[in-house]
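Undergrad: First the structure, then my questions, so here it is.
The values are calculated or read from the model by the stated rules, or taken from the named source; none is laboratory data. Quick caveat, the model's predicted, so the values are computed rather than measured. Heads up, the Cβs are rebuilt from the backbone with ideal geometry, glycines too, and the neighbour counts pull from every protein chain shown.
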Amino acid sequence: MKGNDMLKVLGRSSSSNVQKVMWCLAELSLPSERVDVGGAFGGNREVSYLRLNPNGVVPTLIDGNHVVWESNTILRYLGNTRGEFLYPQQPARRSEVECWMDWQLGTLNNGITPLFQSIVRTPMDQRRPEVIEQHRAATARWMSLLDTALAQSAFVAGSELSLADIALGPSVYRWFELPVERPEHPHLLAWLERMSQRPGFRTHVMVGLS
């Protein structure tokens, strides 16, 4: 078990992957320092950064002499070392959490990330409506799947907050903030409203779209 030494997160606050890590740290009441890296701040292609994170993206977590990259791996690391209540040890319960974490990266990201980039990160005169619609429709299908799951429980992977909720939080927030048509997702919207009552979510995730 690690101590409560100051953790450092390298990554800009507008990154959804940084947001999930910062929200997790807030839930665990862990002191941390975040340093702006990536996007307009640059620095993520410098040799010094690539030595820490060869993929050259954000976030990167520095815990003393140990470095962790890939956002969901960082969440697992924090759960294993400091927050077991977010990452249950019992194999069956842990698998429920990990299924949703992997689904977020391997499935949902294939829709919500290019949808976000096609609208927020693309100048108006360069946007392609057919591309936006393709990603909107895919994201709508996957969010409907998540909505159905949340009809069964208050949190994504059961009756308590877990890393699954934290991994998915920024994506769901963006889905409801983007100016697109959405199906009715009452259970997902209710979940988002519950998350919005959590100080860490409000501080690190509910920051607008940029």
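Undergrad: When you scan region 145-167, how many residues do you find that are exposed (fewer than 15 other Cβ atoms within 10 Å of the Cβ), touching a residue at least 24 places away in the same chain (Cβ under 8 Å) and either of a type in the set (A, V, I, L, M, F, W, C) or part of a helix (DSSP H, G or I) (or both)?
TA: Narrowing region 145-167 to residues exposed (fewer than 15 other Cβ atoms within 10 Å of the Cβ): 145, 148, 151-154, 159-160.
Those left that are additionally touching a residue at least 24 places away in the same chain (Cβ under 8 Å): 148, 151, 154, 160.
Then keep just the ones that are either of a type in the set (A, V, I, L, M, F, W, C) or part of a helix (DSSP H, G or I) (or both); that gives 148, 151, 154.
Selection size over region 145-167: 3.
Undergrad: In the set 30, 75, 50, which member is more than 30 Å from residue 141 (Cβ to Cβ), modelled with pLDDT of 95 or more, assigned to a helix (DSSP H, G or I) and not assigned by TED's automatic domain parsing to the domain that holds residue 149? So that I can check it myself, show each step before the final result.
TA: Details: 30 fails: assigned to a helix (DSSP H, G or I); 75 fails: more than 30 Å from residue 141 (Cβ to Cβ).
Criteria check complete, one pass: 50.
Undergrad: Just to be sure before I move on: is residue 115 in contact (Cβ under 8 Å) with a residue 40 or more places away in the chain and in contact with a His (Cβ under 6 Å, 6 or more places away or on another chain) in the structure I sent? Don't jump to the end; show me each part of the working.
TA: On the way: in contact (Cβ under 8 Å) with a residue 40 or more places away in the chain: yes; in contact with a His (Cβ under 6 Å, 6 or more places away or on another chain): yes.
Spelling it out, residue 115 is indeed in contact (Cβ under 8 Å) with a residue 40 or more places away in the chain and in contact with a His (Cβ under 6 Å, 6 or more places away or on another chain).
Undergrad: Of all residues in region 181-210, how many are part of a loop (DSSP other than H, G, I, E, B) and not β-branched (Val, Ile, Thr)?
TA: Residues of region 181-210 that are part of a loop (DSSP other than H, G, I, E, B), as a first pass: 181-185, 196-198, 205-210.
Filter again for not β-branched (Val, Ile, Thr), leaving 181-185, 196-198, 206, 208-210.
Matching residues across region 181-210 total 12.
Undergrad: Restricting attention to region 168-180, and to residues there that are part of a helix (DSSP H, G or I) and touching a Lys or Arg at 6+ places or on another chain (Cβ under 8 Å), which single residue is surrounded by the fewest Cβ atoms within 10 Å (Cβ to Cβ)?
TA: If we filter region 168-180 for residues that are part of a helix (DSSP H, G or I), which is where we start, we get 168-177.
Those still in the list that are touching a Lys or Arg at 6+ places or on another chain (Cβ under 8 Å) too: 169-170, 175-176.
Values: 169: 27, 170: 26, 175: 25, 176: 14.
Looking at residues that are part of a helix (DSSP H, G or I) and touching a Lys or Arg at 6+ places or on another chain (Cβ under 8 Å), I get 176.
Undergrad: Filter region 36-47 down to residues that are at negative phi and in a loop (DSSP other than H, G, I, E, B), then give me how many there are. So that I can check it myself, show each step before the final result.
TA: Here is the first cut: in region 36-47, the ones at negative phi are 36-37, 40-41, 44-47.
Restricting the remaining residues to those that are in a loop (DSSP other than H, G, I, E, B) gives 36-37, 44-46.
Counting residues in region 36-47 that are at negative phi and in a loop (DSSP other than H, G, I, E, B) gives 5.
Undergrad: Only one of these is among the aliphatic types (A, V, I, L, M) and either out of contact with any Pro (no Cβ under 7 Å at 6 or more places or on another chain) or closer than 18 Å to residue 209 by Cα (or both): 10, 25. Name it.
TA: On the way: 10 fails: either out of contact with any Pro (no Cβ under 7 Å at 6 or more places or on another chain) or closer than 18 Å to residue 209 by Cα (or both).
Among 10, 25, only 25 is among the aliphatic types (A, V, I, L, M) and either out of contact with any Pro (no Cβ under 7 Å at 6 or more places or on another chain) or closer than 18 Å to residue 209 by Cα (or both).
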